[in-house]
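Visitor: Structure incoming, see below.
What follows draws every value from the coordinates through simple rules; no lab data is involved. In this text the structure is predicted, and so the values were computed from the model without any measurement. Here the Cβ positions follow ideal geometry from the backbone for every residue, glycine too, while neighbour counts run over all protein chains shown.
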Amino acid sequence: MPLSALLSKALLAFAIEFERDSEVSLAIGANVLRLAGTEGVRVRDLPRRAGVSKEAIATSLSFLVKRGYAIVKPESPSSRVKTLVLTPKGRDAQEIYLRRLGAIEKDWRARFGDDTIRTLREVLERLAGPPGERTPPLFRGLEPHADGWRASVPRPEHLPHYPMVLHRGGFPDGS
């Protein structure tokens, strides 16, 4: 199997294990809850910071607000800028998300061997690049053909921490 298929299988196995005991999907936890700090985060900044589409963020916010995990409110009384703020239930979900990630990794180290998981993590971290790096090494493999329409679409600044595919397809081009 190609490397991409093998990595996809590992990602899917992780997601299934995560979501088996979670009320919030791995995609929402990884791409929205993770970014909501104690003071909240500007909604308009989420797509850029998460590396997912505006539509994916809107879907995630709708889920979080309807189920009481978050509120979306003006940044200040007279501001039109909206801010995502987690409720106590949302902060609990954020903590559960982080603990669950660690618990699954610990379980995988026990099941598959510490060296195997450490090596996998190191390879994936090299592909993703150090936190805050402007252009992760993996982006070199995502160069669109110069004559294709994707070349005219702005490149995302970050990779999502978990892929989000909506009814219209993936980000940024719907494929």
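Visitor: Given 5 Å bins starting at zero, what is the percent of C-alpha pairs of the chain in each, up to the one with the largest pair distance?
Guide: 1, 7, 14, 18, 20, 17, 12, 7, 3, 1, 0, 0
Visitor: Given a Förster radius of 22 Å and the C-beta distance between M1 and R111 as r, what FRET efficiency does 1/(1 + (r/R0)^6) yield to the nearest 0.05? Walk me through the intermediate numbers first.
Guide: Working: r = 21 Å, r/R0 = 0.93.
Result of the calculation: an efficiency of 0.60.
Visitor: If you don't mind, there's one more thing I want to ask. Any aspartates and glutamates with Cα under 17 Å of the K82 Cα? List them, leaving off those in the same chain fewer than 8 positions away.
Guide: E39, D45, E55
Visitor: Nearest 20 debye, what's the magnitude of the dipole of segment 120-167 about its Cα centre given +1 on Lys and Arg Cβ and -1 on Asp and Glu Cβ?
Guide: In debye, rounded to 20, segment 120-167 gives about 20.
Visitor: Let me ask something additional. Find how much the distance from F14 to L142 grows on full extension, using 0.36 nm per residue of separation minus their present alpha carbon separation; answer in nm with one decimal.
Guide: Working: separation 128, 0.36 × 128 = 46.08 nm, distance 2.38 nm.
Gain on extension, F14 to L142, equals 43.7 nm.
Visitor: With +1 assigned to the C-beta of every Lys and Arg and -1 to the C-beta of every Asp and Glu, and no other charges, what is the dipole magnitude of the chain about the Cα centre in debye, to the nearest 20? Could the numbers behind the result be given before it?
Guide: Values: 28 positive and 21 negative charges, 97 e Å.
Using only the charged Cβ atoms, the result is roughly 460 debye.
Visitor: Going by amide H atoms built from the backbone, whose H comes under 5 Å of the H on T87, apart from near neighbours?
Guide: A70, I71
Visitor: Here's another thing I want to ask about it. Only helices at least 24 Å long along their own axis, judged from Cα atoms, and with Kyte-Doolittle mean hydropathy of -1.0 or greater: name those in the chain from DSSP H. Don't skip to the answer; put the middle values down first.
Guide: Numbers: long enough: 3-20 (26 Å, 1.07); 88-112 (35 Å, -1.10).
Span-like helices in the chain: 3-20.
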